[in-house]
Amino acid sequence: MSPSNIYVPYLMEIETITEEAPEVRTFRLKFKNQEEGENFKFSAGQFAEYSVMGGGESTFCIASAPTRKGYLECTFRKTGRVTNALSKLEVGDTVGLRGPYGNVFPIEEWEGKNLLYIAGGIALPPMRCVIWNTIDKREKYKDITIVYGARTVNDLVYKNELKEWEERPDINLITTVDPGGQTPDWKGEVGFVPTIVDKVAPNAENTIAIVCGPPIMIKFTFPVLKKLGFSDENIFTTLENRMKCGFGKCGRCNVGKYYVCKDGPVFTLSELNKMPAEY
Amino acid sequence: MIPEKKIIDRVALDKLYESLKAAGNKMFAPVFRNEQTNFEYNPAATEISYSHIQTTQSVKNTVFPKIENLFRFESSQKSVELVQIDFTKVPRVIVWNAHPCDAAAFSALDSVFNWDYVDEIYNARREKLVVIGMSCIRADENCFCTSVDLGPGAVKGSDILLTPLANGKFIAEILTDLGKSIADENASLFTASNGENKEEVLAKVEKQFSHEKVTENLKNGFENSFWHEFSLRCIGCGACAYVCPICTCFDIQDESKAGKGRRLRCWDSCGFGMFTLHTSGHNPREVQSQRWRQRLMHKFSYQPDRNEFIGCVGCGRCSRACPVDMNILEQLVELEKLEIAAK
């Protein structure tokens, strides 16, 4: 295909499919054209446009870490038209992929600091990339804490990885489920994510907080972090605005003078404060 | 190049049109049909309207078609094949008799499709576009080009700008190399100018507001009650965006049957609720007043701030097309007067 047509996707083959939670799947994708795969470079925080020919195109973050070579992963919940079409695909089927788009988490600037990851529900996938990226360079960071919550135990995604993180002495993992979402043998916390962050009360000193989740979770988590002493510059999030093109033209993710697809999706709270609250 | 001024009479103008059409150019000219004046491809010279004030639709579809096929695909079982569309084969289009507002709008489209990622599909059409403009000798109450740095005789965006004189002849301002090549190839149709002055015949369009002041007010105007007060009647039909020569919001969709199909780019509008709706059901702009605000903020605040152009050429089409008489000029005049406390 002509490289000059910015709407044409790479063709990817589905290598594996992992059932993460009810209606939530992870695709491991590899480039059909090896050369395209070798030239494809991305950084933690970036997203892509994934498509099924005839089923449409949709936006998700790249859920695998750039430190894990040879494949890309995306995790999605079957909700809309495109994710329904994706859900029908099997191993060996073809997915279109455009990208990578958007800005990145400044992980080099975070070196020597503590990292506090806070995620809710299906928002762990956009954060999984940066989590693994920093874990793969573990010696460069101080404490790594992950607070992850979902509606029910069943809705927690990446269950195997949660187990791995839990077992590692150099990662502090706190999982929680909404009240009523626990099973009899649930060992984690029970309560909404902001409440649990407040309870765990991580030290804000020399710490970067990365928050991703449904808008309501983000809205109630920011004040807790502020109370704990986090500055706006040290609180990061990745916005989930609806997108189509991914390159600042279709107008969909325009918020104030910013385009989430170009200026984001990664923003600090200090940057968010300068934008109208249309995300 | 240094602009040149020539004179062409109506008979010669029709000849020029037919000669450009006969040379294989796809002509796009306004025709009065079914109670509306709109641009059509390749009408006969005798069908072209020179008396309308404004066409219902703009001419942006010459470079940004309502539907653009991006590529085709054929899929079966485990195989997917993408079929490239050769955009080098798009025809040369000559927009004939476009008013200065429409001619000027192309530069805004150029910015959108070329900032950062370069959209070669757009450029393939744009590079083959010729604009023969026509100054306005009549305007109506919806026209406000002079308030957005343009005017009934503005040359911006035209390769040749024609201005109809009282004696039935036209001043032809040759403005670009492309315009000059057309004038040179048809030199016998033009005569020398004799100091004719277009200012004498141009429509009078009073300046109604300062767009600089509107932009300044909008900087802190996001939370103003104005939006709610002035847009309750908006029904969110999107007509304003479809007739706008600058609105470029688009959607990307697949259409296919039995594995064969196309991915296309089609016009969309920030006025629709679906435009920003998240899969979760959350909508950052959930009510119509927020969408109307987005439309005006984008044109008069975000685009000047980000892309250094005003997203409006004052053609007045949105006001004329609106089924519930939302009048953009009225609102801009109000926005200029609005006292907004700095945050």
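When you look at A:ALA63, is it closer than 19 Å to A:THR237 by Cβ, in the same structural domain as A:GLU15 (by TED's automatic domain parsing) and among the aliphatic types (A, V, I, L, M), yes or no?
Numbers: closer than 19 Å to A:THR237 by Cβ: yes; in the same structural domain as A:GLU15 (by TED's automatic domain parsing): yes; among the aliphatic types (A, V, I, L, M): yes.
So A:ALA63 passes the test.
Restricting to segment B:156-210, what's the tally of residues that are open to solvent by less than 30 Å² (accessible area, probe 1.4 Å), among the hydroxyl-bearing types (Ser, Thr, Tyr) and without any contact (Cβ under 8 Å) to a residue 40 or more places away in the chain?
1
Mind listing whichever residues of segment B:27-76 are within 30 Å of A:THR94 (Cβ to Cβ) and of a type in the set (Gly, Ala, Ser)?
B:SER75, B:SER76
Looking at (1) loosely packed, with under 13 Cβ neighbours inside 10 Å; (2) in contact with a strand residue (DSSP E or B) (Cβ under 8 Å, 6 or more places away or on another chain), which one does A:GLU167 not meet, given that it meets all the others?
(2)
Inspect all residues belonging to segment A:58-71 and state whether any of them is within 14 Å of chain B (Cβ to nearest Cβ) and on the phi > 0 side of the Ramachandran plot.
no
Considering only segment A:208-223, I want to know if a residue exists there that is assigned to a helix (DSSP H, G or I), farther than 27 Å from A:ILE62 by Cβ and open to solvent by 10 Å² or more (accessible area, probe 1.4 Å).
Taking segment A:208-223 as the starting set, the residues that turn out to be assigned to a helix (DSSP H, G or I) are A:215-223.
Among the residues that remain, those that are also farther than 27 Å from A:ILE62 by Cβ are: A:220, A:223.
Next cut, open to solvent by 10 Å² or more (accessible area, probe 1.4 Å) only: A:220, A:223.
Checked against the condition, which is being assigned to a helix (DSSP H, G or I), farther than 27 Å from A:ILE62 by Cβ and open to solvent by 10 Å² or more (accessible area, probe 1.4 Å), segment A:208-223 yields at least one hit.
I'm told A:LYS257 meets every condition in (1) surrounded by 20 or more Cβ atoms within 10 Å (Cβ to Cβ); (2) not assigned by TED's automatic domain parsing to the domain that holds A:LYS140 except one. Can you identify the failing condition by its number?
All conditions are met except number (1).
Considering only residues that are under 19 Å from B:LEU162 (Cα atoms) and open to solvent by 30 Å² or more (accessible area, probe 1.4 Å), which ones fall in segment B:8-37?
Within segment B:8-37, B:ASP9, B:ARG10, B:VAL11, B:ASP14, B:LYS15, B:GLU18, B:SER19, B:LYS21 meet the criteria.
Can you spot a residue in segment B:265-278 that is of a type outside the set (Asp, Glu), modelled with pLDDT of 95 or more, crowded, with 21+ Cβ neighbours inside 10 Å and within 26 Å of B:PRO152 (Cα to Cα)?
no
Specify the residue that is farthest from the other protein chains (Cβ to nearest Cβ); the eligible residues are those in segment B:80-113 that are surrounded by fewer than 14 Cβ atoms within 10 Å (Cβ to Cβ) and part of a loop (DSSP other than H, G, I, E, B).
B:PRO91
For segment A:196-207, give me each residue that is outside any loop (DSSP other than H, G, I, E, B) and open to solvent by 20 Å² or more (accessible area, probe 1.4 Å).
The initial filter retains those residues of segment A:196-207 that are outside any loop (DSSP other than H, G, I, E, B), namely A:196-200, A:207.
Once the filter is applied, which keeps residues that are outside any loop (DSSP other than H, G, I, E, B) and open to solvent by 20 Å² or more (accessible area, probe 1.4 Å), segment A:196-207 yields A:ASP198, A:LYS199, A:VAL200.
What about A:GLU271, is it within 14 Å of another protein chain (Cβ to nearest Cβ) and either under 21 Å from the mean Cα position of the chain (by Cα) or open to solvent by less than 20 Å² (accessible area, probe 1.4 Å) (or both)? Break it down into steps so the answer makes sense when it comes.
Details: within 14 Å of another protein chain (Cβ to nearest Cβ): no; either under 21 Å from the mean Cα position of the chain (by Cα) or open to solvent by less than 20 Å² (accessible area, probe 1.4 Å) (or both): yes.
Criteria not met by A:GLU271.
B:ILE132 - would you say it is in the same structural domain as B:PRO30 (by TED's automatic domain parsing), touching an Asp or Glu at 6+ places or on another chain (Cβ under 8 Å) and within 24 Å of B:VAL11 (Cα to Cα)?
Details: in the same structural domain as B:PRO30 (by TED's automatic domain parsing): yes; touching an Asp or Glu at 6+ places or on another chain (Cβ under 8 Å): yes; within 24 Å of B:VAL11 (Cα to Cα): yes.
So B:ILE132 passes the test.
Give segment B:22-79 a look and list any residue that's within 14 Å of another protein chain (Cβ to nearest Cβ), without any contact (Cβ under 8 Å) to a residue 24 or more places away in the chain and not in a loop (DSSP other than H, G, I, E, B), or say none.
Answer for segment B:22-79, where residues must be within 14 Å of another protein chain (Cβ to nearest Cβ), without any contact (Cβ under 8 Å) to a residue 24 or more places away in the chain and not in a loop (DSSP other than H, G, I, E, B): just B:SER79.
Kindly indicate whether any position in segment A:145-161 is within 30 Å of B:CYS247 (Cα to Cα), touching a strand residue (DSSP E or B) at 6+ places or on another chain (Cβ under 9 Å) and within 14 Å of chain B (Cβ to nearest Cβ).
Going residue by residue through segment A:145-161, those that are within 30 Å of B:CYS247 (Cα to Cα) are none.
Within segment A:145-161, none of the residues are within 30 Å of B:CYS247 (Cα to Cα), touching a strand residue (DSSP E or B) at 6+ places or on another chain (Cβ under 9 Å) and within 14 Å of chain B (Cβ to nearest Cβ).
Looking only at residues in segment B:298-329 that are of a type in the set (Asp, Glu) and more than 26 Å from B:ALA98 (Cβ to Cβ), which one is least open to solvent (accessible area, probe 1.4 Å)? Step through it out loud before you land on a result.
Filtering segment B:298-329 down to residues of a type in the set (Asp, Glu) leaves B:305, B:308, B:325.
Next, only the ones that are more than 26 Å from B:ALA98 (Cβ to Cβ) stay: B:305, B:325.
Numbers: B:ASP305: 79, B:ASP325: 107 Å².
Filtering segment B:298-329 for residues that are of a type in the set (Asp, Glu) and more than 26 Å from B:ALA98 (Cβ to Cβ), the one least open to solvent (accessible area, probe 1.4 Å) comes out as B:ASP305.
Regarding segment A:175-195, can at least one residue be identified that is more than 14 Å from every other protein chain (Cβ to nearest Cβ), under 21 Å from the mean Cα position of the chain (by Cα), among the hydrophobic types (A, V, I, L, M, F, W, C) and open to solvent by less than 20 Å² (accessible area, probe 1.4 Å)?
Taking segment A:175-195 and keeping what is more than 14 Å from every other protein chain (Cβ to nearest Cβ), we get A:175-195.
From what's left, under 21 Å from the mean Cα position of the chain (by Cα): A:175-178, A:192-194.
Restricting the remaining residues to those that are among the hydrophobic types (A, V, I, L, M, F, W, C) gives A:177, A:192-193.
Still in the running and open to solvent by less than 20 Å² (accessible area, probe 1.4 Å): A:177, A:193.
Yes, the conditions are met somewhere in segment A:175-195.
Tell me, which residue of segment A:196-233 that is among the hydrophobic types (A, V, I, L, M, F, W, C) and within 14 Å of another protein chain (Cβ to nearest Cβ) is nearest to A:THR145 (Cα to Cα)? Lay out the reasoning, then the answer.
Filtering segment A:196-233 for residues among the hydrophobic types (A, V, I, L, M, F, W, C) gives A:196-197, A:200-201, A:204, A:208-212, A:216-218, A:220, A:222, A:224-225, A:228, A:230.
Narrowing further to those that are within 14 Å of another protein chain (Cβ to nearest Cβ): A:212, A:216-218.
Working: A:CYS212: 14, A:ILE216: 22, A:MET217: 18, A:ILE218: 17 Å.
Top of the filtered list is A:CYS212.
Residues that are more than 7 Å from chain A (Cβ to nearest Cβ) and among the hydrophobic types (A, V, I, L, M, F, W, C): find the helices (runs of 4 or more DSSP H) completely inside segment B:202-317 holding 1 or more of those. Steps first, answer last, please.
Values: elements: B:211-219, B:226-231, B:239-243, B:288-297, B:303-307.
Passing ranges, in order: B:211-219, B:226-231, B:239-243, B:288-297.
Quick one: A:GLU139 ticks every box in (1) touching a residue at least 24 places away in the same chain (Cβ under 8 Å); (2) in a helix (DSSP H, G or I); (3) of a type outside the set (A, V, I, L, M); (4) open to solvent by 30 Å² or more (accessible area, probe 1.4 Å) bar one, so which box is it?
Here A:GLU139 clears every test but (1).
List the number of the failed condition for A:THR26; all other conditions in (1) in a strand (DSSP E or B); (2) within 14 Å of another protein chain (Cβ to nearest Cβ); (3) open to solvent by less than 10 Å² (accessible area, probe 1.4 Å) hold.
Going through the list (1) in a strand (DSSP E or B); (2) within 14 Å of another protein chain (Cβ to nearest Cβ); (3) open to solvent by less than 10 Å² (accessible area, probe 1.4 Å), A:THR26 breaks only (2).
Name the single residue that is most open to solvent (accessible area, probe 1.4 Å) among those in segment A:233-254 being outside any loop (DSSP other than H, G, I, E, B) and under 21 Å from A:ALA119 (Cβ atoms). Reasoning before the result, please.
Quick first cut of segment A:233-254, residues outside any loop (DSSP other than H, G, I, E, B) only: A:233-238, A:254.
From what is left, the residues that are under 21 Å from A:ALA119 (Cβ atoms) are A:233-238.
Values: A:GLU233: 107, A:ASN234: 50, A:ILE235: 0, A:PHE236: 19, A:THR237: 1, A:THR238: 5 Å².
Per the criteria, the residue is A:GLU233.
Right, A:LEU239: within 14 Å of chain B (Cβ to nearest Cβ) and under 21 Å from the mean Cα position of the chain (by Cα) or not?
On the way: within 14 Å of chain B (Cβ to nearest Cβ): yes; under 21 Å from the mean Cα position of the chain (by Cα): yes.
Here the answer is yes, as A:LEU239 does meet what is asked.
Regarding B:PHE87, is this residue over 25 Å from B:LYS299 (Cβ atoms) and modelled with pLDDT under 95? Don't jump to the end; show me each part of the working.
Details: over 25 Å from B:LYS299 (Cβ atoms): yes; modelled with pLDDT under 95: yes.
Considered against the rule, which asks whether it is over 25 Å from B:LYS299 (Cβ atoms) and modelled with pLDDT under 95, B:PHE87 comes out as yes.
With A:GLU108, A:GLU166 as the choices, which residue is free of Cβ contacts under 8 Å to residues at least 12 places away in the same chain and in contact with a helix residue (DSSP H, G or I) (Cβ under 9 Å, 6 or more places away or on another chain)? First the steps, then the outcome.
Details: A:GLU166 fails: in contact with a helix residue (DSSP H, G or I) (Cβ under 9 Å, 6 or more places away or on another chain).
The match here is A:GLU108.
The values are calculated or read from the model by the stated rules, or taken from the named source; none is laboratory data. From a predicted model like this one, the values you see are computed outputs, not experimental measurements. A quick note on method: Cβ atoms are made from the backbone with ideal geometry, for glycine too, and the neighbour counts reach across all protein chains shown. Accessible surface areas use protein heavy atoms only, side chains included; no ligands, DNA or RNA. Shrake-Rupley method; radii C 1.70, N 1.55, O 1.52, S 1.80 Å.
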